[in-house]
Amino acid sequence: MSLSPVGLLTRMLREAFDGPPGPWTYFIDTMEGTGIFGTIRDLTASEASAPGGPGHTTIAGHIHHISESIALVRKELRGESASRDRSRTWTVSTVDETEWAALRARIRDEYERLLAAVKVQPSWDEDSIGVVAGGVAHTAYHLGAIRQRVRAHQRASHE
């Protein structure tokens, strides 16, 4: 059985955002709640705004960055030019509860829009597959950074 680019890429996107799609995965743990949405579901704005890790970035900053980045993936998939300068995607670091709710809603919306774009992509070539695969890899990297920060916050709260 071979997967089409659409099937493969949507499965990988779902894994990164929704979590494990079945008994095996490409790159995350098979436990429930290990995708972006499960990882951030119960975080408060205060937890999302706590700096940590290299560069002292926040989970809110990572979520904003991913949202901006996958919007650019969608733009590139349509064949539009998108800047590779991602420095402006790090403009959010702290959020209040309202902003945190809006940021979580935005990342879900951007993800769903990207999934829809992948499903209707008229043709697939190396560039279009690479753009989406790169978006998946980029998201997976930031998911790991977010999960490390969540674990650090959990350890600190239990000490």
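Cβ-Cβ contacts under 8 Å between residues 6 or more apart (or on different chains), taken from a first residue in region 105-124 that is over 30 Å from residue 43 (Cα atoms) to a second residue that is surrounded by 12 or more Cβ atoms within 10 Å (Cβ to Cβ) and of a type in the set (A, V, I, L, M), are listed as 119/6; 121/6; 121/77; 124/6.
Of the helices (runs of 4 or more DSSP H) lying entirely inside region 40-159, the ones with 1 or more residues being farther than 22 Å from residue 13 by Cβ and either over 18 Å from the mean Cα position of the chain (by Cα) or modelled with pLDDT of 95 or more (or both) are found at 45-48, 97-120, 126-158.
Summed over region 1-36, residues that are surrounded by 12 or more Cβ atoms within 10 Å (Cβ to Cβ) and of a type in the set (Gly, Ala, Ser) total 5.
Report yes if residue 30 is within 26 Å of residue 10 (Cα to Cα), of a type in the set (Val, Ile, Thr) and over 13 Å from the mean Cα position of the chain (by Cα), otherwise no. So residue 30 fits the description; yes.
I'd like to check something: does region 74-87 contain any residue that is under 14 Å from residue 40 (Cβ atoms) and either aromatic (Phe, Trp, Tyr) or surrounded by fewer than 20 Cβ atoms within 10 Å (Cβ to Cβ) (or both)? Before you say what the answer is, go through the steps one by one.
Within region 74-87, the subset under 14 Å from residue 40 (Cβ atoms) is none.
No, there is no match, as no residue in region 74-87 is under 14 Å from residue 40 (Cβ atoms) and either aromatic (Phe, Trp, Tyr) or surrounded by fewer than 20 Cβ atoms within 10 Å (Cβ to Cβ) (or both).
Yes or no: residue 69 under 18 Å from residue 16 (Cβ atoms) and among the hydroxyl-bearing types (Ser, Thr, Tyr)? Step through it out loud before you land on a result.
Working: under 18 Å from residue 16 (Cβ atoms): yes; among the hydroxyl-bearing types (Ser, Thr, Tyr): yes.
Taking the combined requirement at face value, the residue satisfies it.
Every condition in (1) within 16 Å of residue 149 (Cβ to Cβ); (2) surrounded by fewer than 19 Cβ atoms within 10 Å (Cβ to Cβ); (3) touching a Lys or Arg at 6+ places or on another chain (Cβ under 7 Å) holds for residue 59 except the one numbered (2).
Reported count of residues in region 76-87, each being without any contact (Cβ under 8 Å) to a residue 12 or more places away in the chain and closer than 24 Å to residue 57 by Cβ, is 5. Does residue 99 qualify as being in contact with a Ser or Thr (Cβ under 8 Å, 6 or more places away or on another chain) and either without any contact (Cβ under 8 Å) to a residue 24 or more places away in the chain or more than 16 Å from residue 6 (Cβ to Cβ) (or both)? The answer is no for residue 99. Just one of (1) under 16 Å from residue 139 (Cα atoms); (2) assigned to a helix (DSSP H, G or I); (3) modelled with pLDDT under 95 fails for residue 13. It is (3).
The values are calculated or read from the model by the stated rules, or taken from the named source; none is laboratory data. Just so we're clear, the structure is a prediction, and the values are computed from it rather than from any experiment. Cβ: placed from backbone, ideal geometry, glycine included. Neighbour counts: every protein chain shown.
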